[in-house]
Each structure stands twice: as C-alpha cells, then as structure tokens.
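Notes follow once the structure below has been shown.
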Amino acid sequence: MTIETVLKMGDERLLRKAQPVTQFDTPELHELVSNMIETMRAMNGAGLAAPQIGVDLQLVLFEIQENPRYPDVETIPLTILVNPVIEPMGAEMEEGWEGCLSIPGMRGLVPRFSKIRYSGFDAHGHAISKSVSGFHARVVQHECDHLEGMLYPMRIRDLANFGFSSALFPERE
Ligand code: NI
C-alpha cells in the first residue's frame with residue numbers, strides 16, 4: 001500500500017468531471033482502493049475521492065472511526081462507493097462546517113441536503129443503496145462533489161464563513 005500525494009485546490013485535475021469505472025473487481029481497482037484508504041487514514045480525513053490523488057475515476061470512500069477524543073461524533077463505517085448517484089430526499093437543507101484534504105487548514109460553512117439516498121457499487125461490483133442523514137449525508141455529498149469537479153468553497157453562500165480552522169475554532173487547536 002502507498003500513501004498518495006493529495007492534490008491541492010488550484011490543481012486543475014480537481015476540476016475535471018470524473019469518468020465512470022467500467023471494470024470491477026480488478027487488481028488495479030483493489031490496489032487503488034487500498035491506497036486511498038491508507039492515504040485517507042494517514043491524513044485523518046473523513047473521506048477521499050479518486051480525483052484528489054489525480055485518478056480520473058468515479059470512486060470515493062469515507063469513514064469516521066470511533067475516537068475517544070470525540071465521543072459524540074457520529075461514526076460512519078468504511079464505505080467504498082463507485083459510480084455513485086445521489087438523490088435528495090426532500091428539499092430540506094442545512095448548513096454545516098466542512099474541511100477538505102485538498103484545502104488543508106481551512107473550514108467553511110456549506111449548505112447540503114439534510115437527507116439523501118445514495119447508490120452505486122462497491123469495488124467488487126455489488127450494488128449499494130443507502131439512505132443517510134445529517135453529517136453522514138454531508139460527507140457523501142462532499143465526496144461525490146469531487147467527481148463533478150466541485151470543491152466545497154464553491155458552495156459557500158457567504159464567504160464570511162470561510163477561513164482558517166485555527167482562527168475559526170481556536171479552542172480546538
Ligand atoms: Ni474534499
């Protein structure tokens with residue numbers, strides 16, 4: 001496994017519309033997934049999209065592990081999602097703070113659908129479909145945005161709510 005370099009905002013490869021995966025359960029796809037998992041965990045990320053390591057494919061993964069330092073944070077099982085489709089369940093949206101491994105040190109307040117259904121495939125080609133809400137739904141929408149060349153600052157409604165994490169949340173430093 002390899003920890004990959006995560007591209008930073010400004011790299012035009014983050015702005016592409018990613019291509020669908022056409023071959024499942026291949027050694028190449030499993031190796032890509034392994035490297036992405038290792039990279040996400042090494043950087044303490046909640047998710048990672050293939051375009052963030054320069055791979056132009058519709059593949060995201062996300063995970064929030066139990067953390068004794070943050071006992072109240074909702075956990076999300078490790079999920080590998082290929083060729084995802086997101087369907088909002090209702091029009092309700094909510095604002096929440098987001099960060100991104102491609103925009104280190106920054107946070108922004110981003111509107112997202114409160115409830116969604118996502119569907120797609122795992123790396124073996126098995127269909128996945130799940131309804132999620134709250135922070136889980138936020139993470140999925142953030143990661144899938146990467147496949148459309150969309151980074152969270154592009155969705156911030158008021159740029160007064162965008163800044164350095166150390167300045168926005170000094171108590172967390
Ligand atoms: Ni991101």
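The values are calculated or read from the model by the stated rules, or taken from the named source; none is laboratory data. Just so it is clear, the structure is predicted and the values come from calculations on it, not from any experiment. Counting neighbours? That spans all protein chains shown, and the Cβs are built from the backbone with ideal geometry, glycine included. When the accessible area is computed, the model is the full protein with side chains, heavy atoms only, and any ligands, DNA or RNA have been set aside. Shrake-Rupley method; radii C 1.70, N 1.55, O 1.52, S 1.80 Å.
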Within region 79-100, of all residues that are in contact with a helix residue (DSSP H, G or I) (Cβ under 7 Å, 6 or more places away or on another chain) and outside any loop (DSSP other than H, G, I, E, B), the one surrounded by the fewest Cβ atoms within 10 Å (Cβ to Cβ) is G96
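Please work out if R117 is part of a strand (DSSP E or B), more than 16 Å from the ligand (Cβ to nearest atom) and of a type in the set (K, R).
So R117 fits the description; yes.
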When region 12-26 is checked residue by residue, the ones that are closer than 15 Å to L57 by Cβ, without any contact (Cβ under 8 Å) to a residue 40 or more places away in the chain and outside any loop (DSSP other than H, G, I, E, B) are Q19
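Give V85, V60, V33 a once-over and let me know the one that is out of contact with any Cys (no Cβ under 9 Å at 6 or more places or on another chain), modelled with pLDDT of 95 or more and among the β-branched types (V, I, T).
On the way: V85 fails: out of contact with any Cys (no Cβ under 9 Å at 6 or more places or on another chain); V60 fails: out of contact with any Cys (no Cβ under 9 Å at 6 or more places or on another chain).
Going through V85, V60, V33 in turn, the sole match is V33.
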Picking from R69, R107, R112, the residue that is among the basic types (K, R) and over 18 Å from H146 (Cβ atoms) would be R69
Flagged pairs (Cβ under 6 angstrom, 6 or more apart or on separate chains; first in region 143-161, of a type in the set (G, A, S); second more than 10 Å from the ligand (Cβ to nearest atom)) are G149/L15; G149/R16; G149/K17
Checking M36, M9 in turn, the sole residue that is part of a helix (DSSP H, G or I) and touching a Leu at 6+ places or on another chain (Cβ under 9 Å) turns out to be M36
By residue number, the members of region 120-149 that are in a strand (DSSP E or B) and of a type in the set (A, V, I, L, M) are A127, I128, V132
**Asked** Is one or more of the residues making up region 123-136 closer than 26 Å to G54 by Cα, among the charged types (D, E, K, R) and either open to solvent by 20 Å² or more (accessible area, probe 1.4 Å) or within 16 Å of the ligand (Cβ to nearest atom) (or both)?
**Response** no
Listed by first then second residue, the pairs whose first member lies in region 94-106 and is under 16 Å from H136 (Cβ atoms), whose partner is in a loop (DSSP other than H, G, I, E, B) and more than 11 Å from the ligand (Cβ to nearest atom), with beta carbons under 6 Å and at least 6 positions apart or on separate chains, are E94/S114
